[in-house]
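Shown next, in structure tokens, is the structure this report addresses.
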Amino acid sequence: MNKDFYKYQAQTSPYPLGMEVSHAIGSYIYDTNNKKYLDFVAGVSACTLGHQHPRVKEAIINQLDKYMHVMVYGEYAQDPAVKLCKLLAENMPEKLNKTYLVNSGTEAIEGSLKLARRVTGRSQLISCHNAYHGNTMGSMSVMGFEERKQIFRPLIPDVDFITFNNEADIQKITTKTAGIILETIQGGAGFIRPENDFLKKVRQRCDEVGALMILDEIQPGFGRTGKLFGFQNYDVLPDVVVMGKGMGGGMPVGAFTANEAHMDLLSHDPKLGHITTFGGHPVIAAACLATLQELVETNIMQETLQKEQLFRNLLQHNLIKEVRGEGLMLAIMTESPEITNQIIFKCQDKGLILFWLLFEGCAIRITPPLTISNQEITDGCGIIIEAMNQVMSGK
């Protein structure tokens, strides 16, 4: 399989991990040699309820028996998508009440940027240094990492950057600004949380100048920080919330939510202001609905914070400088990318899946399924400590 994988499937990096996957269930992935791997990554925060969660799987099968794609987005009323958008509205602040369903997080970012320009009639967009919002041209334009986008220039114009948590930079949001887009917790930069009411101060400045505040919840969203969305931990109300990854319980999806008056602007002047063929796909929407129902009807989100504390208690070692993040969006920080690489590879050999962050080479990603058990956390952290001991001893 690997030979054909390299020959026929386009790669994203020169050295993919190349595990040959046989099947996955719960918190585990199995390779074609039937080796069992405890999954501390969850498809990079995507498999919120683990692999093959019964409720999600049943919803997919039931919908397959009814219909799959029948019409482009927005023309027909389809039960899974309607119920999903309604349940989202019921579990979000009152002003965030209308959702546009798309196919991925980066497409949702594109839609949110267009919405900011459509609502305000302005062109300037502001993002943060070391921000990551996706890899299509608009999303790449608000990526704050020049090394990754220089070769693809020119990108969309009139984009400026500030530093996350830098209060002085907030004044760069002016009456020329259509919108500022922020990750609620900076992901690729190293799971950096907002400090000193930074998000509230951005909100205040946006109100002063009439700019839209867009929060990217693609990683923190859907229970990963102990609440449905990360911004709910910071007493702030954005104008637009962008979501993806964990929303689909392992299926590909994205969405952006705003108030009804703003979202309705995409339907006219011009009409078809944002369109998608497969957005709101009934099978995908059924998986999303099942995932959301499981989150809001159980204690999974609340348990996330208890599991975070267990991780922090167990991850004590001389090679660990700090553990960043919130809930089950955590990053172990080491002294160097070399140490990080050694630990990740040693853990994979020992049957534990860890991963990297995009821009912070010293970070080890820990974003397991929210359904992971305390025993699985204990087992996995034991493997990490064992690997760290080997790195320290030079083995």
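Structure data summary
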quantity	calculated
Helix 79-90 axis, angle to the chain major axis (alpha carbon atoms, nearest 10°)	90
The chain: antiparallel DSSP beta bridges as a percent of all, rounded to 5	60
C-alpha long axis of helix 54-64 to longest principal axis of the chain, angle in °	50
With all protein chains modelled, accessible area of Met392 [1.4 Å, Å²]	110
Rounded accessible area per residue of the chain, 1.4 Å, Å²	45
Once exposed loop GluC sites (Glu not before Pro) are cut out (DSSP; at most 12 other Cβ, 10 Å), longest piece of the chain	196-334
Net charge over other residues, Cβ less than 13 angstrom from the Cβ of Leu64 (K, R count +1; D, E count -1)	0
Region 206-211 - phi-based ³J(HN,Hα) in whole Hz, Karplus 6.51/-1.76/1.60, Gly and Pro as x	4, 5, 5, 10, x, 9
Alpha-carbon gyration tensor eigenvalues x 5, square-rooted, for region 159-218, Å	19, 12, 10
Helix-only CD estimate at 222 nm, as mean residue ellipticity for the chain, using -39500 (n - 2.57) per DSSP H run (n ≥ 4)	-10500 deg cm²/dmol
Under 12 Å from the Cα of Lys395 - aspartates and glutamates, other chains or at least 8 residues apart	Glu386
Charge tally in the Cβ shell below 12 Å around Gln219, where Lys, Arg are +1 and Asp, Glu are -1, Gln219 excluded	-1
The chain: angle of helix 282-297 to the longest principal axis, Cα-based, in degrees nearest 10	70
Net charge of neighbours whose Cβ lies under 13 Å from the Cβ of Ser22, counting Lys and Arg as +1 and Asp and Glu as -1	0
The chain - percent of accessible surface contributed by carbon and sulfur, probe 1.4 Å	51
Debye log10 I(q)/I(0) at q = 0.12, 0.24 Å⁻¹ for region 85-138, Cα point scatterers	-0.36, -1.08
Over region 37-98, volume per residue of the alpha carbon convex hull, in Å³	142
At 1.002 mPa s and 20 °C, Stokes diffusion of region 113-177 via Kirkwood alpha-carbon radius, µm² per second	173
Overall form of region 1-148 per C-alpha gyration tensor (a/c, 1.5; a/b vs b/c)	oblate
Rg(Cα) / (2.2 N^0.38 Å) computed for region 267-395, rounded to two decimals	1.38
Ellipsoid semi-axes in whole angstrom, largest first, where each is sqrt(5λ) of the Cα gyration tensor of region 226-277	25, 18, 5
Measure of compaction for region 122-229 (Cα Rg per 2.2 N^0.38 Å)	1.04
Shape category assigned to region 180-289 from the gyration tensor of Cα positions, a/c cut at 1.5	oblate
Nearest-10 value in Å² for the accessible area of Phe345, using the 1.4 Å probe	100
Convex hull (Cα only) mean projected area of the chain, reported in nm² to one decimal	19.8
Alpha-carbon centroid distance for the pair region 321-363 / region 169-191, whole angstrom	26
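The values are calculated or read from the model by the stated rules, or taken from the named source; none is laboratory data. Because the structure is a prediction, the values reported are computed rather than measured. No Cβ is skipped: glycine too gets one built from the backbone with ideal geometry, and neighbour counts run over all protein chains shown. Only protein heavy atoms, including side chains, enter the accessible area calculation; ligands, DNA and RNA are left aside. Shrake-Rupley method; radii C 1.70, N 1.55, O 1.52, S 1.80 Å.
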